[in-house]
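Following: one structure in structure tokens, then a few remarks.
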Amino acid sequence: MVDHGPRTGDLVALTFDADMTDAMRYQLRSGAVRSYANLAIIDLLERERVPATFFLTGKWVEEYPGVTRRLAANPRFELANHTYGHLAFTTDCYQLPAIPRQRMAADVARTFDVIAPYGGRQTRYFRFPGLCHDRAALTELAPLGVTVVDGDVISGDPFAKSWRPVVDAVLSRVRPGSVVVLHVTEANAPMTDEALPRILAGLAELGLRPAPLSEVLGARPLG
């Protein structure tokens, strides 16, 4: 379990969670929301040739197979696991429904299976929904050989009303080796695409350079 990489050098990891709960899926399919895939973020990362790591839920992949193929096709992007349906792995986790302990490992394994056919730079990195975990959850996932990645810079982009607090949260805390937690779920994080170019500019001013999570953590990705 890691929060960040070595505090030397100039590398930081930009990570983007792609959440998808049953409630979000219903909102999407009913037309209540337009999109949970912020293509403006991906456009910017591609245009500026910025490395990033995407923590994907299995249900998000199923809703956005074309976007997943696009992510997998970019050699600067890594793919990681964010559970199948964004259920909570502890009680009292941002009002998310909890998954029974006996289903935890199967849920995460299923997500790896959903992502696997897309190829690209796949990893064994895993992030808990809401960053909520305890010893029981870690014990259940141990046989899967995952590296649990939390992050030391929490952007606060979900449901942000302005880009400014998101940018301030990142640039005020980021350091060499930092793992920045952002979201690519447009309807639930509508300011991230406006915050991102300002974050990139601020990182450059601080002498910091985005890199794939595996490089920031000092390891090579699998797949």
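The values are calculated or read from the model by the stated rules, or taken from the named source; none is laboratory data. Only a predicted model underlies this, so the values are computations on that prediction, with no experimental measurement involved. Cβ sites come from the backbone with ideal geometry, for glycine too, and all protein chains shown count toward neighbours. We work out accessible area using only protein heavy atoms, side chains counted, and drop any ligands, DNA or RNA first. Shrake-Rupley method; radii C 1.70, N 1.55, O 1.52, S 1.80 Å.
Gly130: without any contact (Cβ under 8 Å) to a residue 12 or more places away in the chain, part of a helix (DSSP H, G or I) and either of a type in the set (S, T, N, Q) or within 27 Å of Phe159 (Cα to Cα) (or both), yes or no?
Working: without any contact (Cβ under 8 Å) to a residue 12 or more places away in the chain: no; part of a helix (DSSP H, G or I): yes; either of a type in the set (S, T, N, Q) or within 27 Å of Phe159 (Cα to Cα) (or both): yes.
So Gly130 does not fit the description; no.
What's the number of the condition Ala201 fails, among (1) loosely packed, with under 15 Cβ neighbours inside 10 Å; (2) over 24 Å from Leu39 (Cβ atoms)?
Unmet for Ala201, out of (1) loosely packed, with under 15 Cβ neighbours inside 10 Å; (2) over 24 Å from Leu39 (Cβ atoms): (2).
Within segment 105-117, does at least one residue satisfy the condition of being of a type in the set (D, E, K, R) and within 20 Å of Ala13 (Cβ to Cβ)?
Initially, segment 105-117 is screened for residues of a type in the set (D, E, K, R), giving 107, 110, 113.
Cutting the leftovers down to within 20 Å of Ala13 (Cβ to Cβ) gives us none.
No - not one qualifying residue is present in segment 105-117.
Considering Gly85, Gly31, which residue is among the small types (Gly, Ala, Ser) and in contact (Cβ under 8 Å) with a residue 24 or more places away in the chain?
On the way: Gly31 fails: in contact (Cβ under 8 Å) with a residue 24 or more places away in the chain.
The conditions single out Gly85.
Would you please name the residue that is farthest from Leu208 (Cα to Cα), looking only at residues in segment 51-66 that are part of a helix (DSSP H, G or I) and open to solvent by less than 30 Å² (accessible area, probe 1.4 Å)?
Residues of segment 51-66 part of a helix (DSSP H, G or I): 58-63, 65-66.
Remaining after also requiring open to solvent by less than 30 Å² (accessible area, probe 1.4 Å): 58-61.
Working: Gly58: 32, Lys59: 33, Trp60: 30, Val61: 31 Å.
Among them, the one singled out is Lys59.
Exactly one condition in (1) open to solvent by less than 10 Å² (accessible area, probe 1.4 Å); (2) not in a loop (DSSP other than H, G, I, E, B) is false for Glu46; which is it?
(1)
Output the residues belonging to segment 199-223 that are in a strand (DSSP E or B) and within 22 Å of Val146 (Cα to Cα). Explain how you work it out, then say what you get.
Keep residues of segment 199-223 that are in a strand (DSSP E or B), which gives 209-210.
Correct list: empty.
Take the conditions closer than 23 Å to Tyr125 by Cα, in a loop (DSSP other than H, G, I, E, B) and either out of contact with any Lys or Arg (no Cβ under 9 Å at 6 or more places or on another chain) or open to solvent by 30 Å² or more (accessible area, probe 1.4 Å) (or both) and apply them to Thr83. Does it pass? Even if it seems obvious, please write down each step before you answer.
Numbers: closer than 23 Å to Tyr125 by Cα: yes; in a loop (DSSP other than H, G, I, E, B): yes; either out of contact with any Lys or Arg (no Cβ under 9 Å at 6 or more places or on another chain) or open to solvent by 30 Å² or more (accessible area, probe 1.4 Å) (or both): no.
For Thr83, the condition - closer than 23 Å to Tyr125 by Cα, in a loop (DSSP other than H, G, I, E, B) and either out of contact with any Lys or Arg (no Cβ under 9 Å at 6 or more places or on another chain) or open to solvent by 30 Å² or more (accessible area, probe 1.4 Å) (or both) - is not met.
Select from segment 67-80 the residues that are basic (Lys, Arg) and either closer than 14 Å to Asn38 by Cβ or open to solvent by less than 10 Å² (accessible area, probe 1.4 Å) (or both) and list them in ascending order.
As a first pass, look at segment 67-80 and keep what is basic (Lys, Arg): 69-70, 76.
Correct list: Arg70 only.
Which ones in segment 167-198 are open to solvent by 30 Å² or more (accessible area, probe 1.4 Å) and assigned to a helix (DSSP H, G or I)?
Result: Asp168, Leu171, Ser172, Arg173, Asp193, Glu194, Pro197, Arg198.
Select from segment 133-166 the residues that are part of a loop (DSSP other than H, G, I, E, B) and among the hydrophobic types (A, V, I, L, M, F, W, C) and write down the one among them that is most open to solvent (accessible area, probe 1.4 Å). I'd like the intermediate steps shown before the answer.
Filtering segment 133-166 down to residues part of a loop (DSSP other than H, G, I, E, B) leaves 133-134, 145-146, 150-152, 155-162.
Keeping just the survivors that are among the hydrophobic types (A, V, I, L, M, F, W, C) gives 146, 159-160.
Details: Val146: 31, Phe159: 134, Ala160: 16 Å².
Filtering first and then ranking leaves Phe159.
Within segment 92-110, restricting attention to residues that are over 13 Å from Phe128 (Cβ atoms) and either touching a Ser or Thr at 6+ places or on another chain (Cβ under 9 Å) or of a type outside the set (A, V, I, L, M) (or both), which residue is least open to solvent (accessible area, probe 1.4 Å)?
Pro100
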